[in-house]
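We did not get these values from a lab; they are worked out from the coordinates using the rules stated. Note that the coordinates shown come from a computational prediction; the quantities given were computed from them, not determined experimentally. Neighbour counts are summed over all protein chains in view; Cβ atoms, including those assigned to glycine, are modelled from backbone coordinates with ideal geometry.
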Amino acid sequence: MKKYIVVALLVIGVGFIFFGKSDQEKVSDADEVKPKFETVLAVAVTKDGYKVSGVVQGQSEVIVSSQVSGIAEVLVSEGQRVRAGQVIGRVKAAEYGAQVARVQAGLAQAEASERNARRHWDKLSPDEKTQIVQASKQARSALSESKAYAQKLTLRAPTSGRVMRKLVLSGETVFVGTPIVKVASERKEVEIQVPIDIANDLKLGQEVEVFIAEKKQSAQIAQIAPADAVTHRAKIKITLAQNTDLALGEFVTVSLPIERNSKNNLVSVPADAVLSIYDDSFVFAVDDSGKIQQKKIKIFNIVDDKVLVQGINSGMKVIVGDLSKVSDGYWL
């Protein structure tokens with residue numbers, strides 16, 4: 001009988017140690033997690049707008065290519081302003097000089113033959129007259145073609161603007177179609193990409209604001225492209241003012257004046273409150289009882305350290321920090 005009592009006490013003791021330790025471990029685990037949370041604030045789109053970054057570029061960028069084969073001579077520098085029609089380079093074609101000499105000699109011979117023939121023009125047959133006149137016309141046509149070829153040797157700026165890049169250096173061999181210089185037009189624009197829900201609220205000609213550091217400038221929406229079927233984002237082109245002092249290549253922030261409605265319903269959460277798994281994104285919301293709920297969200301944009309999302313309501317509490325220690329259904 002005493003043996004049974006001892007065994008029973010041993011079992012109870014072991015159970016107490018085991019379950020007691022388990023409770024301690026749970027408390028310890030909870031102490032390790034200790035996720036903090038903060039209130040999610042709705043983005044005041046009517047006041048601040050929807051912000052997205054972009055780069056200042058020429059409204060049109062043209063690559064000037066060689067139309068003949070030869071040795072390139074580039075006459076401009078990167079960043080240099082040019083006028084439309086300005087000579088920006090040449091191509092030296094070795095065979096061009098010999099070709100011109102042959103054409104000019106042929107024309108001179110044809111014209112001399114015609115002058116001599118006209119001295120006794122009435123004595124010539126109709127066929128002879130036709131052949132002489134035709135020879136002169138062909139010689140003049142060959143000279144015109146030679147002059148047209150000469151024009152191809154000269155590279156001119158297609159528009160007034162700035163040289164963005166020299167694609168070859170002087171002395172390099174080029175062929176027909178070789179890109180030589182990239183020129184951007186003087187009128188500048190910014191291209192951005194926005195979610196389709198944002199794009200649907202925009203209008204052509206709508207005024208927007210462009211920021212860089214402390215500088216703010218007005219601009220206009222010039223183009224709204226159809227949304228991409230895969231990314232569900234649309235390209236928007238913003239035309240800057242003619243007298244803008246923003247330089248090509250500068251990074252700027254564009255603020256779009258979007259009217260807030262139920263369709264947008266964007267809220268802002270800290271970047272470290274978002275958990276991304278493959279193509280899906282989530283936040284861990286906390287209800288009034290302290291229970292954690294994993295909620296799927298749709299990311300619209302990232303502004304500094306904030307993420308603009310749909311899928312949760314303004315005023316909801318979300319966990320920030322190391323989300324690897326948090327799971328759906330946990331209690332705080």
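Structure data summary
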{"item": "Residues N200 and Q293, FRET efficiency given R0 of 25 Å [Cβ-Cβ distance, rounded to 0.05]", "result": "0.25"}
{"item": "Amide H partners (placed H, <5 Å) of Y50, local residues excluded", "result": "L256, I258"}
{"item": "Exposure proxy order (Cβ contacts within 10 Å, fewest to most) of K182, K51", "result": "K182, K51"}
{"item": "Sequence-distant residues sharing a close amide H with S65 (under 5 Å, placed H)", "result": "I180"}
{"item": "Alpha carbon convex hull of the range 110-249, projected area averaged over orientations, nm²", "result": "17.8"}
{"item": "Theoretical gain in end-to-end length, R140 to E128 [0.36 nm per residue, Cα-Cα removed]", "result": "2.4 nm"}
{"item": "Sequence-distant residues sharing a close amide H with M316 (under 5 Å, placed H)", "result": "V40"}
{"item": "Computed E for Q242/I212 - FRET, C-beta separation, R0 22 angstrom, nearest 0.05", "result": "0.80"}
{"item": "Pairwise label distance in nanometres, Y278 with R83, each label 7 Å out on the Cα-Cβ vector", "result": "6.2"}
{"item": "Segment L169-H120, extension gain: residue separation times 0.36 nm, minus the distance between their alpha carbons", "result": "11.9 nm"}
{"item": "Derived scalar couplings ³J(HN,Hα) [the range 114-120; Karplus, 6.51 cos²θ - 1.76 cosθ + 1.60; whole Hz; x for Gly, Pro]", "result": "5, 5, 5, 5, 6, 5, 10"}
